[in-house]
Structure formats: C-alpha cells, structure tokens
Amino acid sequence: MKHAPIIRPAIVRAVAAQGLTQTELAKATGIPQGNLSRFLAGSRGLSLPAAERLLRAVGLTVSPAPPPQK
C-alpha cells in the first residue's frame, strides 16, 4: 500500500485508543492476525481492500486530498 506510512499511524492510534487486540481485529476484518501484526509494526503493507476493512473496523475513513492550489 503506497500510503501506508500515512495511514498506519492513524490506525495504530485508533487501535490503542479502543483497546482492540489483534485477534479481535483479525476476526472483524478477515485479515490474518500475523499479517495485521506485521502491518501494524510497519514491516508489510496491505492490499487496498484489506486496508479498507481495517479502517472501517477501527472507525476511520479516508477522503481524497484536495487538489494542490496554484
């Protein structure tokens, strides 16, 4: 995932704030716990569909960035 360095910290904060375990996230998203662990640690990315499921599970959304001003 190209934008994982931007999205990952927000997901990590949301997971911590909600007190979710990786096991709970794995069940909620269908993403294997080992893959979640590596993503949250920063050693692997996720596919876009998996990232979308993870974002929804922690109550986050992604909006397109506004176009740059000239």
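The values are calculated or read from the model by the stated rules, or taken from the named source; none is laboratory data. Here the structure is a predicted model, which is why all the values come from computation and not from measurement. Note that each Cβ is placed from the backbone with ideal geometry, even for glycine, and that neighbours are counted across all protein chains shown. Keep in mind that these areas ignore ligands, DNA and RNA; they rest on the heavy atoms of the full protein, side chains included. Shrake-Rupley method; radii C 1.70, N 1.55, O 1.52, S 1.80 Å.
So the values come out like this:
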item: Separation of the ARG56 and THR23 label points, Cα + 7 Å toward Cβ, nm; result: 2.5 nm
item: Residue-normalised accessible area of the chain, given per residue in Å² at a 1.4 Å probe; result: 68 Å²
item: Percent carbon-and-sulfur accessible area, the chain, ignoring ligands, DNA and RNA, probe 1.4 Å; result: 58 percent
item: Debye, to nearest 20: dipole size of the chain, +1 on Lys, Arg Cβ, -1 on Asp, Glu Cβ; result: 180 debye
